[in-house]
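Chemist: Following this message is one structure expressed as structure tokens.
The values are calculated or read from the model by the stated rules, or taken from the named source; none is laboratory data. The shown structure was predicted, so the numbers you read here are calculated from the model rather than taken from an experiment. Reconstructed Cβ throughout: ideal geometry from the backbone, glycine too, with neighbour counts over all protein chains shown.
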Amino acid sequence: MVAATALSFVLSPFAIRFARQLGAIDRPDSTRRVHRLPVPRGGGLAVVASFVGVGVGALVINEMVRAVPQVRVIPPAQLAALFGGAALAAALGFLDDRYQLRARWQLLIQLVLAGVAVAAGISIGFIDNPFQFLGGPFDFRLIDFGAELAIVVTVLWIVGMINSINFIDGLDGLSTGIS
């Protein structure tokens, strides 16, 4: 986590320069904008490049030195989907930063990304019961979704997380700091 944060800090100026070169600039031309000067968009590229770079780098190094013996807990196809999906989401997010895609296209892209993750075997099959402390009819540890509902929950969660980051992304640096 420290390595990804440091790498993100190093890559951010390059992402800003790249955004300026390609015209991904947020101009203060409406009442929704809180800044007075044009602000480059696309900082998510630095965050995702750091996440993918450090994640893949850690896996490669671990394969060479075998520092963590149980790295196969997550199957390789799911790791590839995780890192590939993050890279694809960042690229599509940058397209949105540059061209201001309509909401319907953003949603379609998000659903496709979530579908790719589910097709790779990533799913949320269960969650801990947050109401177990109440006892009685709530006295069970896990809420198991079953196969079909797990797909729906996973897609909703992925799309929801993408939109939550997209929602807070209007404030300079906030989504970068949270991510």
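Chemist: Do any residues in the stretch 46-74 that are more than 22 Å from A89 (Cβ to Cβ) and of a type in the set (S, T, N, Q) have Cβ atoms under 6 Å from those of residues that are surrounded by 10 or more Cβ atoms within 10 Å (Cβ to Cβ) and modelled with pLDDT under 90, where the two are at least six apart or on different chains, and which pairs are they?
Modeler: N62/V68; N62/V71
Chemist: Tally the residues that are among the basic types (K, R) and either outside any helix (DSSP H, G or I) or surrounded by 15 or more Cβ atoms within 10 Å (Cβ to Cβ) (or both), restricting the search to the stretch 65-115.
Modeler: Total satisfying the criteria: 3.
Chemist: For the condition surrounded by 13 or more Cβ atoms within 10 Å (Cβ to Cβ) and modelled with pLDDT of 80 or more, what is the one hit in G44, G23?
Modeler: On the way: G23 fails: surrounded by 13 or more Cβ atoms within 10 Å (Cβ to Cβ).
Matching residue, one of G44, G23: G44.
Chemist: I'm told D97 meets every condition in (1) charged (D, E, K, R); (2) at pLDDT 85 or above; (3) within 20 Å of I165 (Cα to Cα) except one. Can you identify the failing condition by its number?
Modeler: All conditions pass for D97, except number (2).
Chemist: Can you work out which of the residues in the stretch 138-150 that are among the charged types (D, E, K, R) and in a loop (DSSP other than H, G, I, E, B) is farthest from the chain's Cα centre (by Cα)? Spell out how you get there, then give the answer.
Modeler: Keep residues of the stretch 138-150 that are among the charged types (D, E, K, R), which gives 139, 141, 144, 148.
Keeping just the survivors that are in a loop (DSSP other than H, G, I, E, B) gives 139, 141.
Values: D139: 33, R141: 28 Å.
For the stretch 138-150, the residue satisfying everything is D139.
Chemist: Considering the stretch 9-28 alone, what residues qualify as being assigned to a helix (DSSP H, G or I) and under 21 Å from the mean Cα position of the chain (by Cα)?
Modeler: F9, V10, L11, S12, P13, F14, A15, I16, F18, A19
Chemist: Let me ask another. Of A91, A103, A87, A119, which residue is of a type in the set (G, A, S), under 27 Å from V48 (Cα atoms), within 15 Å of the chain's Cα centre (by Cα) and modelled with pLDDT of 90 or more? Give the steps one after another, and end with the answer.
Modeler: Numbers: A91 fails: modelled with pLDDT of 90 or more; A103 fails: within 15 Å of the chain's Cα centre (by Cα); A119 fails: within 15 Å of the chain's Cα centre (by Cα).
Answer to the selection: A87.
Chemist: Suppose we filter the stretch 116-137 for residues that are surrounded by 12 or more Cβ atoms within 10 Å (Cβ to Cβ) and assigned to a helix (DSSP H, G or I); how many remain?
Modeler: 4
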